[in-house]
Amino acid sequence: MGMIDWFRRGTQEMMVARPDGTKSQIVWKHPDPTIPNRSQLTVEADERALFFRDGQVQGMLDPGRHTLDTSNIRFLSNLVDSFTGGNVFIAEVFFVNVREHTGIKFGGRIGHVEDPKSGVPVETMVHGEFSFQVVDPEKLIVGLVGMGRAESFQVKAWLKEQVLKVLRDRVAELLVKKKWPLLEVTSGAYTEEIESTVLEGLSSHVAPYGVRVVRFGNFVVGIDDGDADNLKALYRDAAYLRTVGGVDQYQKFAAGKAMMGAGEGMAKGGGGQGGGGLADGAALAVGLGMGHMLIRDHQGAPSMAPAAAGVICGACQTSVAPGRFCSHCGKPLNAVETAPKRQCFRCHDPLAVDARFCTSCGADQSEAPQD
């Protein structure tokens with residue numbers, strides 16, 4: 001190489017800085033590892049410059065304009081190329097952006113989460129955006145980016161996966177422990193609590209790579225519109241039952257809902273067209289389960305008591321559902337009104353003549369007060 005070529009090359013590299021077109025990138029690597037002595041290196045206010053040689057960090061420069069000379073910057077003495085008489089430094093220089101990067105959009109499934117208020121599992125989703133910041137450039141390069149030319153989308157994609165992973169765990173955990181109704185969660189009532197818990201959980205996942213997730217923005221936990229409508233209907237039914245009061249009203253409502261569900265399933269033809277026996281059976285099971293869950297005793301505690309039967313068979317004295325024939329003995333229910341009746345001394349629901357325990361409240365009938 002001639003003297004003129006060397007002079008031109010040295011003059012061209014006298015100014016070392018990140019080009020304007022690359023300033024949005026999280027990490028930018030200077031393309032030439034040979035830097036002339038006394039070059040001027042400029043580090044912007046929102047970045048740091050790291051010097052690597054032989055796979056090890058030799059030093060880092062803070063914002064400002066630096067003259068690359070061993071008398072000014074001591075770690076540069078480890079980068080001098082002896083073959084050039086000390087006129088050239090051999091190093092890989094990385095510029096790392098340390099400002100807060102905002103507007104990183106994310107979204108995905110949380111999965112099926114059981115609504116604590118109704119006990120119904122609901123498919124839950126989340127979407128929004130977050131911001132992050134590089135707090136340790138060395139850890140980012142060594143632990144995550146590597147010594148090649150990194151693309152910003154790779155770092156952002158990795159962070160999105162970490163955010164979704166922690167969200168799935170923490171949202172499900174909060175719903176179980178705090179018993180937050182899903183409709184209140186989707187309304188945004190607990191956004192701040194969820195955000196602080198998720199940010200705390202993310203720290204252990206991203207801190208080893210020199211990154212910090214700073215905050216969330218436009219953060220929404222959502223459910224399907226159909227699921228939302230179903231939960232609203234269940235909440236309304238439960239609220240109505242609380243207003244009308246009484247065990248009988250709860251039991252009648254639960255029994256009515258269950259019978260309506262069974263009737264709809266049979267009208268569709270079981271395993272025929274329009275759904276199939278498995279789907280209808282599952283729907284009936286959910287209806288029966290919800291009927292039980294909505295039943296409350298006089299103190300407001302959950303009660304799993306089934307709805308009481310409506311009539312006493314005049315032939316076998318068994319408490320059965322209303323109809324033309326007895327479901328126990330098969331004889332016509334033609335003597336219902338004149339049949340002897342027996343009631344539980346505690347809840348006053350009908351009993352079979354030989355019943356020892358009440359099928360509604362479980363009371364031992366031998367403990368009944370004697371007249």
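The values are calculated or read from the model by the stated rules, or taken from the named source; none is laboratory data. Here the structure is a predicted model, which is why all the values come from computation and not from measurement. A quick note on method: Cβ atoms are made from the backbone with ideal geometry, for glycine too, and the neighbour counts reach across all protein chains shown.
Summary table
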quantity	calculated
Residues located in the stretch 48-72, provided they are assigned to a strand (DSSP E or B) and farther than 15 Å from residue 16 by Cα	52, 53, 56, 57, 58, 59
Lone qualifier among 108, 143, 148 - being in a strand (DSSP E or B), outside the structural domain of residue 15 (by TED's automatic domain parsing) and farther than 30 Å from residue 238 by Cβ	108
Any hit, the stretch 214-237, residues being over 19 Å from the mean Cα position of the chain (by Cα), at pLDDT 90 or above and in a helix (DSSP H, G or I)	no
Residue check, residue 174 in contact with an Asp or Glu (Cβ under 8 Å, 6 or more places away or on another chain) and part of a helix (DSSP H, G or I)	yes
Complete set of residues in the stretch 83-97 that are crowded, with 21+ Cβ neighbours inside 10 Å and touching a helix residue (DSSP H, G or I) at 6+ places or on another chain (Cβ under 7 Å)	89, 91, 94, 96
Residue 30, sole failed condition from (1) crowded, with 18+ Cβ neighbours inside 10 Å; (2) at pLDDT below 90	(2)
Among (1) in contact with a strand residue (DSSP E or B) (Cβ under 8 Å, 6 or more places away or on another chain); (2) buried (at least 17 other Cβ atoms within 10 Å of the Cβ); (3) of a type outside the set (Phe, Trp, Tyr) - the single one residue 218 does not satisfy	(2)
Residues being at pLDDT 80 or above and aliphatic (A, V, I, L, M) - total across the stretch 318-353	0
Criterion (modelled with pLDDT under 90, surrounded by fewer than 18 Cβ atoms within 10 Å (Cβ to Cβ), in the same structural domain as residue 67 (by TED's automatic domain parsing) and out of contact with any Phe, Trp or Tyr (no Cβ under 6 Å at 6 or more places or on another chain)) met by exactly one of 40, 12	12
Yes/no for residue 75 being assigned to a strand (DSSP E or B) and modelled with pLDDT of 90 or more	no
Filter result (at pLDDT 90 or above, under 12 Å from the mean Cα position of the chain (by Cα) and of a type in the set (D, E, K, R)) within the stretch 122-167	165
Filtered residues of the stretch 89-104 (kept if closer than 30 Å to residue 77 by Cβ and assigned to a strand (DSSP E or B))	89, 90, 92, 93, 94, 95, 96, 97
Considering residues of the stretch 15-47 that are under 24 Å from residue 87 (Cα atoms) and of a type in the set (Lys, Arg) only, the residue nearest to the chain's Cα centre (by Cα)	29
Residues located in the stretch 112-128, provided they are buried (at least 16 other Cβ atoms within 10 Å of the Cβ) and part of a strand (DSSP E or B)	113, 122, 124, 126, 128
